[in-house]
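Every number in this text was worked out from the coordinates using simple rules, so none of it is lab data. Nothing here was measured: the structure is a model prediction, and the numbers come from that model. Quick reminder, even Gly has a Cβ in these numbers, built from the backbone with ideal geometry, and neighbours come from all protein chains shown.
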Amino acid sequence: MSAPRFFVNADIVPGEEQALPEEVSHHIRHVLRLKENAPVVLFTGQGGEYTAVISSISKKAVAVRVGAFSPVKRQASLEIHLGLCVLKRDGMDRVIARTTELGVSSITPVISERCTVSHSIIRKRESHWQQIAIAACEQCGLNIVPRINAVVALPEWLAGCETATRIVALQTSDGISAVSHDTGPVTVLTGPEGGFSPGEISGFVPSGFQPVAFGERILRAETAPIVALAVLHHRWGDY
C-alpha cells in the first residue's frame, strides 16, 4: 500500500524535522488516524516530492522527519488549458477533481450568459476550487498543482486566449479529426448546464475557436470536460 500524500504550502528541507500545517495534521490525526513512524509523502506543488516519517503526534501538531527529495514527474505530456463555464456546486467540484486527475494544466472558471450560479457566490469559491485541485493531486500522485485562475466573463476570456489550438465543445460540430495540431498547448472550452447562447456560439470562430463534437451523444455539462480531456490526451498526448 502506498504512503498517503500531503500538500504542504511551505519550504521542505530534507533531513530536518518539520511540523505540518494544521489542516494536514488534523487529517493525519482524526481522518487517517496514522501513528508515529508511519511513512508519508509530501509535495509543495512545484514539482517533485519528499519521503517522510511521522516523528511525533500531539494535540497541537504532527511533526515529520523529512527524508530524500525525488524529482519524479507525473504531469501529462500535453498541456491543456480548460475554460470551464461555471456549474452548480457539486458538478463544478467534480469536474475540477476529475480533470486534475486527467492532467489538466490550468482551469479558468468562466461566466457565460446562461450561468445559473450567483456571481457573488462564484467569487467566494475560488479558494475552495483550488483546494479541490490540491486534494485531487494528493490522491492521484501529481506533484504540480494545476492553476485555478480567477473567474472571468466569457468575452474577456475569449479575447485573452493566446494558444494556437483552440477548441470549443459543441455537439452539432465535426469531430476532433477535423482539428490540426502539431505541437504546443491546447485550450478547450466547455459550456454551462443551459448550453451556450446563439450569440456566444456566433463569436467562437471569429475568436479562433474551432467547434468540436465529442461523439454523437449529448453530454452533460459536467461530463463534457472530462470526455474532452480524455480524447485530447489520447489523440495528442500520452494516453
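Some points to look at:
- Antiparallel DSSP beta bridges within the chain, percent to nearest 5: 40 percent
- Note on Lys59: lysines with a C-alpha under 23 Å away, same-chain residues under 8 apart excluded, are Lys35.
- Alpha carbon convex hull of region 95-143, projected area averaged over orientations, nm²: 3.7 nm²
- Region 168-223 and region 90-111: distance between their alpha carbon centers, rounded to Å: 16 Å
- Model label points for Arg114 and Asp90, set 7 angstrom from Cα along the Cα-to-Cβ axis, are 2.2 nm apart.
- The calculated FRET efficiency for Val13 paired with Ala38, based on their beta-carbon distance and R0 = 25 Å, is about 0.80.
- FRET efficiency, Ala153 to Val72 (Cβ-Cβ, R0 25 Å, nearest 0.05): 0.05
- Nitroxide proxy distance, nm - points 7 Å out along Cα→Cβ at Arg65 and Ile122: 5.1 nm
- The chain, relative contact order in percent, only Cα pairs under 8 angstrom and at least six apart counted: 20 percent
- With 5 Å bins from 0: P(r) over the chain, alpha-carbon pairs, percent: 1, 6, 14, 16, 16, 13, 10, 8, 7, 5, 2, 1, 0
- Each listed q (0.16, 0.28, 0.29 Å⁻¹) maps to a log10 I(q)/I(0) for region 25-72, found by the Debye formula over equal Cα scatterers with no solvent: -0.45, -1.01, -1.05.
- Ignoring lysines fewer than eight residues from Lys88 along the same chain, the ones with Cα atoms less than 20 angstrom from its Cα are Lys124.
- Over region 1-103, the Kirkwood radius and the radius of gyration, each from Cα atoms, give a ratio Rg/Rh of 1.04.
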